[in-house]
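Down below is the structure, laid out as structure tokens.
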Amino acid sequence: MLLAVLLAARTFGPQHLPEVADADDPLVDAAPLVPGLIVDLAYAKADNVTGKALYPPDAKCLLRRSVAERLALAAAALRKRGLRLVARDCTRPGQAQAELWQAHPQPGSVADPKRGSLHERGVAVDLEVADAKGNRVELPTPFDAFGPKAAADAPLPEGPALEHRELLKAAMYAAGFRVNPKEWWHFSRLYGWRWPVASP
């Protein structure tokens, strides 16, 4: 019986799911598809971990269509709580990934560009939360504040930061995303490595 279970796991596990072709799930501008989405890309400004802008100032939040559609589900759930999603990073060009790795070469926080990150594949999104008027709400740490307090399950006292982190996580999990254990803001689609590196 155990042998049968092990063989089934080797045959039907997520690593055996087929790759997704670019044409089957293209990159799209997420803003028109995600109600209330605020696009404020951190790397379109110099105030980030690299100390310089990596994107043009008018960069859009590009995501795989299926990812944007799932993000819309999370946004709808949060809207019922008077909250809106804020996109801080979406699909990331390879050059930007390399510069981030050079500035912060820490696996688990920034992916080694040799492999290609989930952001480069268009299946990851970094998020903050705002109220209905677009004002940022309290969260555990600033975006890209790497360290123990940024962990997705870092202990927090009862209060708005904990509440908002958990509401964001719950909405994203229900929509088919999973959080990076080291970063409360980073969510990626399940089995995201099935998608190829995108060409924004």
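The values are calculated or read from the model by the stated rules, or taken from the named source; none is laboratory data. Every value quoted in this text rests on a predicted model; they were computed, and no experiment measured them. Here the Cβ is made from the backbone with ideal geometry for all residues, glycine too, and neighbour counts use every protein chain on show. The area values use the complete protein model at the heavy-atom level, side chains included, leaving out ligands, DNA and RNA. Shrake-Rupley method; radii C 1.70, N 1.55, O 1.52, S 1.80 Å.
Against the criterion of being in contact (Cβ under 8 Å) with a residue 60 or more places away in the chain, closer than 30 Å to residue 160 by Cβ and open to solvent by 40 Å² or more (accessible area, probe 1.4 Å), residue 81 qualifies. You will find that of 192, 116, 94, the residue that is under 27 Å from residue 23 (Cβ atoms) and touching a Leu at 6+ places or on another chain (Cβ under 9 Å) is 192 and no other.
Filtering segment 118-153 to residues that are within 16 Å of the chain's Cα centre (by Cα) and open to solvent by less than 10 Å² (accessible area, probe 1.4 Å) leaves 119, 122, 123, 124, 125, 126, 127, 129, 150, 152. For segment 36-49, a tally of residues being outside any helix (DSSP H, G or I) and either among the small types (Gly, Ala, Ser) or surrounded by fewer than 16 Cβ atoms within 10 Å (Cβ to Cβ) (or both) returns 4. Here residue 126 fulfils each of the conditions (1) part of a strand (DSSP E or B); (2) at pLDDT below 95; (3) of a type outside the set (Phe, Trp, Tyr) apart from (2). For segment 168-183, the tally of residues that are open to solvent by less than 10 Å² (accessible area, probe 1.4 Å) and closer than 18 Å to residue 144 by Cα stands at 2. Only a single criterion out of (1) surrounded by 19 or more Cβ atoms within 10 Å (Cβ to Cβ); (2) outside any loop (DSSP other than H, G, I, E, B); (3) of a type in the set (A, V, I, L, M, F, W, C); (4) modelled with pLDDT under 90 is not satisfied by residue 110, namely (2). Checking 133, 149, 114, 182 one by one, the residue that is in contact with a Ser or Thr (Cβ under 8 Å, 6 or more places away or on another chain) and without any contact (Cβ under 8 Å) to a residue 60 or more places away in the chain is 149 and no other. Within segment 146-160, the residues that satisfy the criterion of being within 27 Å of residue 103 (Cβ to Cβ) and in a helix (DSSP H, G or I) are 148, 149, 150. Of all residues in segment 59-76, exactly one satisfies the criterion of being open to solvent by 60 Å² or more (accessible area, probe 1.4 Å) and either modelled with pLDDT under 95 or under 11 Å from residue 90 (Cβ atoms) (or both), namely 60. Within segment 93-106, the set of residues being without any contact (Cβ under 8 Å) to a residue 60 or more places away in the chain and under 16 Å from residue 64 (Cβ atoms) is empty.
Mind checking which residues of segment 154-167 are farther than 20 Å from residue 77 by Cα and either β-branched (Val, Ile, Thr) or exposed (fewer than 13 other Cβ atoms within 10 Å of the Cβ) (or both)?
Scanning segment 154-167 gives 155, 157, 158, 159.
Could you tell me whether segment 26-33 includes any residue that is at pLDDT below 95 and in a loop (DSSP other than H, G, I, E, B)? No: segment 26-33 contains no residue that is at pLDDT below 95 and in a loop (DSSP other than H, G, I, E, B).
Assigned to a helix (DSSP H, G or I) and without any contact (Cβ under 8 Å) to a residue 24 or more places away in the chain: is that true of residue 163 in this structure? Yes; evaluated as a whole, the condition is true for this residue.
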